[in-house]
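See structure below.
Every number here is computed from the coordinates shown, using simple stated rules; none is lab data. On a predicted model such as this, the values are computed, not experimentally measured, just so you know. Here the Cβ is made from the backbone with ideal geometry for all residues, glycine too, and neighbour counts use every protein chain on show.
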Amino acid sequence: MGSPIDIYLEGNVNIVRRRFLGGILCSTVVTYRIGALAAEPGVSDTPLPRLLDNHRIIIDTDPGNDDAVAILMALSAPNLKIEAITVCPGNLGDAGYDQQVKNALYVLDVAGRAGEVSVHRGMSRPLLDRPYPSATFIHGPDGLGNVHVTDVKQRPDKEHAVDAIRRIVKRYPGEVVIAALGGLTNVAMALLMEPAIAPLIKGIQFVAGAGTSPIPNFNALVDPEAVHIVLKSGVPVTLGGGEFSILEPADYEKIKEIRTKRAAFFLDSNALRLSFEMSARNSKGSLNADPIAIAMLIEPSIATAYKAVAADVELSEGETRGVIYYGENRYSLIPTRPPNVNICVGASNDEFKQMLFGALSV
Ligand SMILES: [Ca+2]
């Protein structure tokens, strides 16, 4: 990873775009983007270079209706190898951790893939055991909207999530991307226990907004200390893209026409998300930040612009705790640190939708 300018120059290259339909990668089109973003240094149209090829992933998750969809999309992708699903603190709070584990197992049932991917219990609380809000208002009391999970076929693996992360990363040095869809506690603990794994991790796709809001993103707020540890670790981190993941009511109507078990699960688990975001947040549809994070791993060209920044997270008490911030401190003599984060600042909402529809059609 070079300076922001280096990354911009790397952006002046051809990008191969592939379309993902029905779970099959097909039809190659080459587009040319030469100097399109020249006005703003630090902006690149090149996806994180280390994420450009097919790869192994660990999904660290707090299911969660959008986590569930993200897992379904990953299971549908022929170019991703899910080495493990690890469950982290997040959507359902301390009291709902066991339900999150059960939901992860249930998604494998929905996909007809029970027994094929290990699910690991991990850190159920943040590193400092500080309180954080649950997100049942958008996920429902059991996390999957209107879906009531009664029983699951698969049992959790006996290996702790933190041990699984360390083992898998060391087994495949330089190959594993961690799709971090919830609080970063498991990932941070793995880095604390064994700092030597940091250079072995290919990258971390962390779902935590674009880092520009004075309001903390939920996943960062779950465990800000864990975010700080990860951002200081040297592992390349990608953020953002969620704002390009909106699904409007017309898209939900299209999903109704798909008529598969996965499509029915999507509709049942996301009805609350859609109604909440449209009524309480005045949105024109639902945001699907976890699924588009996976979509960008399946097909990096779905993201069209990145900004390379030196980012950290606010740890002090108050309303800004958990805010990820970046930028040059022009009033100090402290040199700006090299970029540690690529923020996605452009992505194709249409391509995301097509990828989602394809995954739900299986
Ligand atoms: Ca999540």
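Run the Debye formula on the Cα coordinates of region 316-362, all scatterers equal and no solvent, and tell me log10 I(q)/I(0) at q = 0.14, 0.21, 0.25 1/Å.
At q = 0.14, 0.21, 0.25 Å⁻¹ the computed log10 ratios are -0.68, -0.89, -1.00.
Could you give the alpha-carbon Rg of region 242-288 over 2.2 N^0.38 Å, rounded to two decimals?
In units of the 2.2 N^0.38 Å rule of thumb, it is 1.11.
Loop only by DSSP, 16 or fewer other Cβ within 10 Å of the Cβ. Give me the GluC sites (Glu not before Pro) in region 297-362 that pass, ordered by residue number.
The qualifying sites are Glu317, Glu319, Glu328.
At q = 0.21, 0.22 Å⁻¹, what log₁₀ I(q)/I(0) does region 246-333 have when each alpha carbon counts as one equal point scatterer in the Debye sum?
-1.11, -1.14
Using a cut-off of 15 Å between beta-carbons, work out the net charge of the residues near Pro195 (Lys and Arg +1, Asp and Glu -1, Pro195 not included). Show your work: numbers first, answer last.
Working: positive: Arg166, Lys170, Lys232; negative: Glu194.
Once all neighbours under 15 Å are counted, the net charge is +2.
Using θ = phi - 60° and the Karplus form 6.51 cos²θ - 1.76 cosθ + 1.60, what ³J(HN,Hα) does each residue of region 71-86 get, whole Hz, x for Gly and Pro?
Listing the rounded values in order: 5, 4, 5, 5, 5, 8, 8, x, 9, 10, 10, 7, 6, 5, 10, 10 Hz.
Starting at the first residue of region 144-150, write each ³J(HN,Hα) from the Karplus equation 6.51 cos²θ - 1.76 cosθ + 1.60 with θ = phi - 60°, in whole Hz, x for Gly and Pro.
Along region 144-150, the couplings run 10, x, 8, 7, 9, 8, 8 Hz.
Taking the alpha carbon gyration tensor of region 184-224, what are the square roots of 5 times its eigenvalues, largest first, to the nearest whole Å?
Square roots of five times the eigenvalues give 23, 12, 7 Å.
Calculate the translational D of region 121-266 in whole µm² s⁻¹ from Stokes-Einstein, where the hydrodynamic radius comes from the Kirkwood formula applied to all Cα pairs, the temperature is 4 °C and the viscosity 1.567 mPa s.
Taking Rh from Cα pairs, D becomes 74 µm²/s.
Under a crude label model (7 Å from the Cα following the beta-carbon direction), how far is Leu128 from Ser332 in nanometres?
For the pair Leu128/Ser332, the computed spacing is 1.8 nm.
Largest first and in whole Å, what are the equivalent-ellipsoid semi-axes of region 50-163 based on the Cα gyration tensor, each being the root of 5 times an eigenvalue?
Rounded to whole Å, the semi-axes are 22, 17, 14.
Report, by chain and number, residues whose modeled amide H sits under 5 Å from the one on Asp157, excluding near sequence neighbours (fewer than 5 apart, same chain).
Close amide H contacts, sequence-distant or interchain: Val119, His120, Arg121.
Within region 265-281, name every residue whose backbone N is under 18 Å away from a label modeled 7 Å from Cα of Thr136 along the Cβ vector.
The answer is 269-273, 276, whose backbone nitrogens lie closer than 18 Å to the label point.
Based on the Cβ-Cβ distance from Glu159 to Glu225, what FRET efficiency comes out when R0 is 30 Å, to the nearest 0.05?
E(calc), rounded to 0.05, equals 0.80.
Å³ per residue of the Cα convex hull, for region 72-135?
Per-residue hull volume (Cα only) is 95 Å³.
Determine the gain in length on full extension of the stretch Ser316-Met193; use 0.36 nm per residue of separation and subtract their C-alpha separation, reporting nm with one decimal. Don't jump to the answer; show the numbers that get you there.
Values: separation 123, 0.36 × 123 = 44.28 nm, distance 2.43 nm.
Between Ser316 and Met193, full extension yields an extra 41.8 nm.
Relative to the present Cα-Cα distance, how much length would full extension add between Lys261 and Tyr325 at 0.36 nm per residue of separation?
Between Lys261 and Tyr325, full extension yields 19.0 nm more.
Contour minus end-to-end for Asp98 and Lys81, with contour as 0.36 nm per residue of separation and end-to-end as the Cα-Cα distance?
So the extension gain works out to 3.6 nm.
Roughly how many whole Å is it from the C-alpha centroid of region 163-227 to that of region 288-362?
Cα centroid to Cα centroid, the span is 13 Å.
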